[in-house]
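Please treat every number below as a calculation from the coordinates, not as lab data. Computed from a predicted model, the values in this text were never measured in an experiment. For neighbour counting, all protein chains shown are included, and Cβ atoms are generated from backbone atoms with ideal geometry for every residue, glycine included.
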Amino acid sequence: MDRTMAIVGTGPGLGLATAYRFGREGFRVALVARNGDRLDRFVTELAGAGITATAYPADLTRPGAVDAVAGAIDRTHGPLDVLYLNGQPVADRIATPLDVADDNLRAQLDALVYNPVALVRRFLPAMLDRGDGAVLVSLGASATTPLPVLANVGIAMAGPRNYVHTLHDTVADRGVYAGVLTVGALVRGSDPERTISTNRAASAEPLPPGLDGTLDPADLADTLWHMYDERTRTEERAGALA
């Protein structure tokens with residue numbers, strides 16, 4: 001039987017690697033991100049590997065966007081088997097502790113808390129009715145490790161990590177799995193890794209200890225698969241900062 005996974009926050013690192021990993025297990029994949037042109041390229045790449053993928057370009061910070069993209073996925077694929085939220089901060093609204101303010105904090109909360117929770121609330125009821133399904137979340141190091149350079153991101157990322165743990169405790173006995181992967185290093189080929197690699201030569205600012213190496217996105221995607229398949233651990237961590 002065909003199964004469908006939605007990947008929200010599909011980029012060239014962990015998001016795309018996860019599409020490949022679950023696609024090899026027979027999943028159809030719904031790809032959600034802002035950049036429609038890049039999503040179309042991902043769909044073509046995945047098709048070359050025999051994986052069925054559909055692009056859903058959307059800016060989830062816009063009013064009504066969560067309901068619109070969820071409705072489009074439902075109409076195309078029916079109820080989801082796996083909802084994967086690849087937590088991505090708003091890169092141009094990152095603040096240190098003394099610079100945290102209403103606007104930059106709200107931007108991170110929208111991206112990392114409000115919209116992900118809204119998506120879970122949209123897709124979870126059908127999973128509970130069916131008695132099967134999964135919610136997977138990946139977060140950065142600041143979900144568990146206070147990093148002054150990512151102060152407002154850390155405030156926001158701590159929330160979904162807590163939410164996943166409480167969600168798992170609530171729905172596990174109803175056949176639904178919830179798990180979080182905390183990634184404490186840069187992911188090879190991801191947008192943050194490429195940006196930092198490009199800018200490092202022009203900056204004298206050192207990276208926080210633990211962020212000077214990279215993790216293979218295929219290995220992380222494999223971890224997400226085993227979390228889903230085995231359903232024995234609510235959280236996995238990878239990288240020095242996690």
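The distance between label points at THR44 and ARG130 comes to 3.1 nm (points 7 Å beyond Cα on the Cα→Cβ vector). Just checking the listed ones, GLY23, GLY78, GLY13: in the Gaussian network model of the chain with Cα springs under 10 Å, the one fluctuating most is GLY78. Where does region 41-100 land on the Kirkwood hydrodynamic radius, alpha-carbon pairs, in angstrom? In region 41-100 this quantity evaluates to 14.5 Å. Each label was represented as a point 7 Å from its Cα along the Cα-to-Cβ direction; for ASP216 and VAL149 these points are 2.6 nm apart.
Spin-label model, ASP99 to ARG194: label points 7 Å out along the Cα-to-beta-carbon direction sit 2.4 nm apart. Close amide H pairs (under 5 Å, H built 1.01 Å from N) link VAL187 with GLU193, LEU215, residues at least 5 positions away or on another chain. Projecting the Cα atoms of GLY184, ALA53, ALA33 onto the charge dipole of region 3-238 (Cβ charges, centred on the Cα centre) puts ALA53 farthest toward the positive pole. Amide H to amide H distances under 5 Å link GLY140 with VAL183, where only residues 5 or more positions off or on other chains count and H is placed in the peptide plane. Can you tell me which of GLY50, GLY11, GLY189 moves the most in a GNM of the chain? Springs connect C-alpha atoms under 10 Å apart. In this elastic network of the chain, the residue with the biggest mean-square fluctuation among GLY50, GLY11, GLY189 is GLY50. If you wrap the Cα atoms of the chain in a convex hull and average its projected area over all directions, you get 12.8 nm².
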